[in-house]
Structures are given as C-alpha cells and as structure tokens.
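Here, each number is a calculation from the coordinates, and none is a lab measurement. In this text, all values refer to a predicted model and were calculated from it rather than measured experimentally. Positions of Cβ are generated from backbone atoms using ideal geometry, with glycine treated the same way; all protein chains shown enter the neighbour counts.
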Amino acid sequence: MPGNTKNDTVVLIPNFNGGEALFKTISSIESAESVDVLVVDDGSDVPPTEDDLSKAFKAYGNVKLFKLGRNQGIVAALNKGLEIAEQENYSYVARLDAGDRNQGLRFSKQRDFLEKNPHVALVGCWVEFINPDGDHLFVLKHPVHGEEIKKAIYRYNPFVHPATMFRLQAVQAVGGYPDDYPALEDWACFLELSKKWDLANLPEVLLQYEVSPRSISTTKRFRQSRSKVKLLWDNYNFSMNSTVGLIKNFLILVFPRGVLTHLKKYIYRRGPES
C-alpha cells in the first residue's frame, strides 16, 4: 500500500532466484505495519518487477527494487542495500529473506524497543523453524539480555539474521557486512556491534524461518564452519566463552548437517542454548 509519509524503517531483502517465495515473504508483512521494503536483486535469472512486488505488499509504505547488474553474492547485495538506505535517510533497517514469514507486528515491536533503548544497536526475536512444506521443526529461543548475548556471541551467533532490526548508523559505523568471512557476514557484523553497543532479542516468536536445501548453511556448511573458526580466532579474547567457542566450532566440522538438525530439535524442545 503506497504511503505518502516517509517511513523511518526499511526492510532489506536480498534476492537471488527467490521466485514465488519472495512474494510470499513480502505478503507476510502485516497491513498494520508502517515500513518500506527494499529488494536488492542479485542477478536473478528472472528478476521480479517492482509492480509485482508492490501488489504483494499490504503494509503502509512503498516497495523499491534495485537490480545488480550481475550476481555478486549476498554481502554485496546487503551492503548495496545499506548504501541505498543511508542515501534515503532511514533510521532503522530490518531484515527478511525470501521464504521466511513475518509473524504479527514484528517491525513495530522491534522499532518500539530500539526507540525505548537507545543503548541497543540491534534487536532480534525468537524464531520458529519450518520445512519447505510449512511443517514445524523447532523454536529457537536465543538469549534475550545484553550480558547473556555478549557472552554467547563468542560461542555461536545468538541471532537469526532475517529476524533482526538494527540502527543503520551503528552498522555503518562498524563497516557494514564484511566480506572476509564467507557465509558468515551477519555474525561477523554483529560481533563488531557487540563491542560498542548492547544487543537484544525479544522473547517472542515473530518470524518463521524456512530451512531449505538451498540455504547457505546447507550448501556451504564446510565453508561456513571454516569461517566460524576464523572469526572466533580473529576475535579470541582468552575468556572461557571465547575458548569454548573455538573448540566447539572445530568439532562441528566433523558432524553432518542432518545430525545437527535433529540435535537442534532435541535441544530447543528442552529450552534455549546455555
């Protein structure tokens, strides 16, 4: 629904051959939300049109499409989105990926939280993981409070990237998304944020995350695991959490994806990661 007033929040969606999943994601944004949407198409074989994207968008705001000339990878698409958001003077950037589904007034709740907590640079939420058929797998309940998160972030990524909203100025201040940690640009960015600001998660499921065979974590797991070890080594601070994080991620290299998924289902049915 086109808006006449300027929104302060833009939803950034990088897209590469998302197809129908992209439209389902955009249509999952509640009509009561006041946000704009920016889709950065990363050289899709059949890129979407701005008109078609706008038809799927029910919220109060505008949809914008930027097309990269060729496929450059998600880091380039994300950083181009940040560049455009800065040019358009947005205060907050929220994330979504094609295939994921917003739940309730997620953006309103995250924006309200950031406005009431100026010391927090980024806020996520709890997430329900589903398969491509929409069947429930498990609910991921990451730590909520700042100190818990600052400890956890040296062991694992305590955020689901497309479930986050952040202050644009803060992310730009740490250099945006780095390109030297393949398939792990989000964790690297969030770790840098945690050194200067507080981070938080809302204790509420506000996103359904689709686990797909096409996801980065599945198709490039070994590459991602090597990036984890490099990231944690580069940021090693001799603390117990930092030490445990390094050892744990060395061990993860030897486990197949299917075993990890079943293990996560067992763990998260019992409660959040400790």
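Taking the charge dipole of segment 9-212 about its Cα centre, with +1 at Lys and Arg Cβ atoms and -1 at Asp and Glu Cβ atoms, the residue from Gln72, Pro182, Leu193 reaching farthest to the positive side is Leu193.
Just add up the charged neighbours of Tyr92: K/R +1, D/E -1, any other residue whose Cβ is under 15 Å from the Cβ of Tyr92. Residues near Tyr92 contribute 0 overall. Taking the Cα centre of segment 60-163 as origin and assigning +1 to Lys and Arg Cβ atoms and -1 to Asp and Glu Cβ atoms, the resulting dipole is close to 160 debye. Remark on Lys64: its backbone amide H falls under 5 Å from those of Val37, Leu38, Val39, a criterion applied only to residues 5 or more positions apart or on other chains, H modelled at 1.01 Å from N.
When the helix-only estimate is applied to the chain (DSSP H runs of n ≥ 4, each -39,500 (n - 2.57), divided by the residue count), what is the mean residue ellipticity at 222 nm, nearest 500 deg cm²/dmol?
Details: 11 runs with 108 residues, N = 274.
Rounded to the nearest 500, the figure is -11500 deg cm²/dmol.
Specify the angular offset, from 0 to 90 degrees and rounded to the nearest 10, of the alpha carbon long axis of helix 221-234 from the longest principal axis of the alpha carbons in the chain. Taking the Cα atoms of the chain, the angle to 221-234 is about 70 degrees.
Electrostatic tally near Gly245: other residues with Cβ closer than 11 Å to its Cβ, Lys and Arg +1, Asp and Glu -1, net +4. Here the spin labels are modelled as points 7 Å beyond Cα on the Cα-Cβ line, and at Asn241 and His145 they lie 1.3 nm apart.
Any idea what the relative contact order of the chain is, in percent, if you count C-alpha pairs under 8 Å spaced at least 6 apart? Intermediate values should be presented prior to the final figure.
Working: 521 pairs, mean separation 52.9, N = 274.
Reported as a whole number, the value is 19 percent.
When you work out D = kT/(6 pi eta Rh) for segment 89-177 at 4 °C and 1.567 mPa s, using the Kirkwood radius from C-alpha pairs as Rh and the Stokes-Einstein form, the result is 91 µm²/s.
Relative to the longest principal axis of the Cα atoms of the chain, helix 257-270 runs at roughly 90 degrees. Our estimate of slack between Arg223 and His119, defined as 0.36 nm per intervening residue step minus the Cα-Cα distance, is 34.0 nm.
Other residues with beta-carbon under 10 Å from the beta-carbon of Glu30 carry, at +1 per Lys or Arg and -1 per Asp or Glu, a net charge of +1.
The C-alpha atoms of the chain define a longest principal axis, and helix 240-252 lies at about 80 degrees to it. Hydrodynamic estimate: the Kirkwood radius of the chain over Cα pairs, inserted into Stokes-Einstein at 37 °C and 0.692 mPa s, corresponds to D of 174 µm²/s.
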